[in-house]
Amino acid sequence: MVSRFRRMLHSVAESPIGVWLTRPLRFWFAVSYYCDLWGQIPIWLFKSRERTNFTYDYTELGNAVAIEIVSLVTRVEPARIAGFANELTADIELRRWLSSRIELSPYRYSADTEIRFSRGLLFYLFVRALKPRVIVEAGTDKGLSACLIAAALQRNKAEGVIGQVYALDVREDRGFLLGDRFADVAILRFGDSVDFLNALEGTIDFFIHDTTAEQQHEKLQYKALESKLSPKAITISTWFTGEFVRFSQRNGRRFLLFPEIPQNHWYPGGRFPVSFAPDRPEPRR
């Protein structure tokens, strides 16, 4: 009896009228993929003050993906990358310092004092593993990622490897989190990233594109970047675009895509492409 009823339903579903009858079921099936995210929106509205560049922790799987990608790209064993992740997570003093900076800033009504690292974790892991000499972060916003990069550079410095990050933004009210704490490893610059790259002497080991996905700007920025890359350089963008793919292919580089997996947030996460040279030298130890 049940099998006969199922066959009847199947026949109806496969008939012309089935197109209309199954639409409500198909609608709810599609909606079910987003129910968990929708449920996070009311919580976020009352607990968070952020309007853009949302911050969140990664799930356990999200952390595992970040560790694996950094390990694959840098050729540093996953256990060591996991150790870098643990040292950042355990740095309560850094979280407190960042929180106090936000509380005392004009942005205290549009930024959360509960510090969540989101993409900054990925950048931190790359800096600790790659041991870069020169980093350029194009697009700084409040400066959270720049602070995490600088914190990684300070730990590298304590291990004998000197590095520096140039944090760039077009607005002079950005990067306020950096303060004097990271003056030995971080330089805040204001202006267009293309102009900065064209004027920069020397090579770049780690470049982060977080300005705009406007095609002409991307094209000019990547063109200016090409002659500045060191043999081991890694490039990350917060947008996965055709310009990024063409930049990688034009320069004989490979790329991977890092999908964020946020924990307890309505935002589904970004997709960050990572470009690297397949024959890059061994990392500094």
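A short reminder: the numbers here are calculations on the coordinates, not readings from a lab. As the structure is a prediction and not an experimental result, all values here were calculated from the model. Counting neighbours? That spans all protein chains shown, and the Cβs are built from the backbone with ideal geometry, glycine included.
Coupling constants for the range 251-263 follow from the phi torsions by the Karplus curve (6.51 cos²θ - 1.76 cosθ + 1.60, θ = phi - 60°), and in residue order they are 9, x, 9, 9, 9, 10, 10, 9, x, 5, 10, x, 9 Hz; glycine and proline get x.
The amide H of residue 164, built 1.01 Å from its N in the peptide plane, has 134, 135 as neighbours under 5 Å, considering only residues 5 or more places off or on other chains. Tally Lys/Arg at +1 and Asp/Glu at -1 over every other residue whose Cβ is under 15 Å from the Cβ of residue 210; what's the total? That works out to -2.
Summarising the amide proton neighbourhood of residue 142: residues at separation of 5 or more, or on other chains, whose placed amide H is nearer than 5 Å comprise 175.
This structure gives Kirkwood radius over Cα pairs in Å, computed directly, and of (i) 19.1; (ii) 19.7; (iii) 20.8 that value is listed as (iii).
Each of 267, 235, 225 was scored by the projection of its Cα onto the charge dipole of the chain, and the greatest displacement toward the positive side belongs to 267; charges sit on the C-beta of Lys, Arg, Asp and Glu. If each DSSP helix of 4+ residues adds -39,500 (n - 2.57) and the sum is divided by the residues in the chain, what number results at 222 nm, nearest 500 deg cm²/dmol? Taking each H run of at least 4 residues, the total per residue is -14000 deg cm²/dmol.
Evaluating 6.51 cos²θ - 1.76 cosθ + 1.60 at θ = phi - 60° for every residue in the range 107-117, the Karplus couplings come out as 9, 5, 9, 10, 9, 8, 7, 7, 7, 10, 7 Hz, glycine and proline recorded as x. Given +1 at the Cβ of Lys and Arg, -1 at the Cβ of Asp and Glu and no other charges, the dipole of the chain around its Cα centre is 800 debye to the nearest 20. Highest GNM mean-square fluctuation among 82, 66, 146, for the chain modelled with Cα contacts below 10 Å: 82. Computed over neighbours whose Cβ is under 15 Å from that of residue 169, the net charge equals -3, Lys and Arg +1, Asp and Glu -1. Note on 89, 55: ascending count of other Cβ atoms within 10 Å places them as 89, 55, the fewest first. In order along the range 118-130, the Karplus-derived 3J(HN,Hα) couplings, from 6.51 cos²θ - 1.76 cosθ + 1.60 at θ = phi - 60°, round to 6, 4, x, 4, 4, 5, 4, 4, 5, 5, 5, 7, 7 Hz, and Gly and Pro are given as x. The local environment of residue 250, defined by Cβ-Cβ distances under 14 Å, has a net charge of +2 under the rule Lys, Arg +1 and Asp, Glu -1. Comparing 84, 46, 27 in a Gaussian network model of the chain (Cα springs below 10 Å), the most mobile by mean-square fluctuation is 27.
Given Cα pairs under 8 Å that are at least 6 residues apart, what percent is the relative contact order of the range 144-258? All intermediate terms of the calculation are to be shown ahead of the outcome.
Numbers: 122 pairs, mean separation 23.5, N = 115.
Worked out over the range 144-258, it gives 20 percent.
Ordering 165-171, 30-36 by mean Cβ neighbour count within 10 Å, with the highest value first, yields 165-171, 30-36. Here's how it looks for residue 188: its modeled amide H is under 5 Å from those of 167, which are all 5 or more places away or on a different chain.
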